[in-house]
1. Take the conditions of a type in the set (G, A, S) and touching a helix residue (DSSP H, G or I) at 6+ places or on another chain (Cβ under 6 Å) and apply them to G78. Does it pass?
Amino acid sequence: LKGGDGQFTPETFRKALHPRTRYQPTQRVVSVEQTANIGGGTIWKKAALDEIVAIAKQHGLVTHMDGARLLNATVATGISARDMTAGWD
């Protein structure tokens with residue numbers, strides 16, 4: 001999904017969801033990258049991550065957070081890895 005600094009917004013995510021039909025592929029997963037490599041290492045805000053995971057769960061999607069640089073985000077924000085990934089599969 002498109003968004004600034006390699007991140008999409010919860011609203012962009014919500015708008016990208018579609019009902020299950022035989023005319024479109026089934027949506028099964030949402031994935032984010034913490035930190036966003038395409039955005040030069042930008043850090044997702046915790047509130048955005050929480051909202052995205054909540055939307056995904058409401059729609060029965062699996063969630064994945066690529067955490068190759070997760071510890072960079074935890075050091076920069078002071079948010080523990082456990083809290084940063086809360087709710088994500």
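1. Judged against the criteria, G78 is not a match.
So that you can scan it fast, the table gives a plain yes or no per residue for (1) out of contact with any strand residue (DSSP E or B) (no Cβ under 8 Å at 6 or more places or on another chain); (2) among the small types (G, A, S); (3) touching a residue at least 40 places away in the same chain (Cβ under 8 Å); (4) farther than 12 Å from A86 by Cα:
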site: T35; (1), (2), (3), (4): no, no, no, yes
site: I38; (1), (2), (3), (4): yes, no, no, yes
site: E51; (1), (2), (3), (4): yes, no, yes, no
site: M65; (1), (2), (3), (4): no, no, no, no
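Quick note: the coordinates plus some simple rules give every number you see, no bench work behind them. The shown structure was predicted, so the numbers you read here are calculated from the model rather than taken from an experiment. Note that each Cβ is placed from the backbone with ideal geometry, even for glycine, and that neighbours are counted across all protein chains shown.
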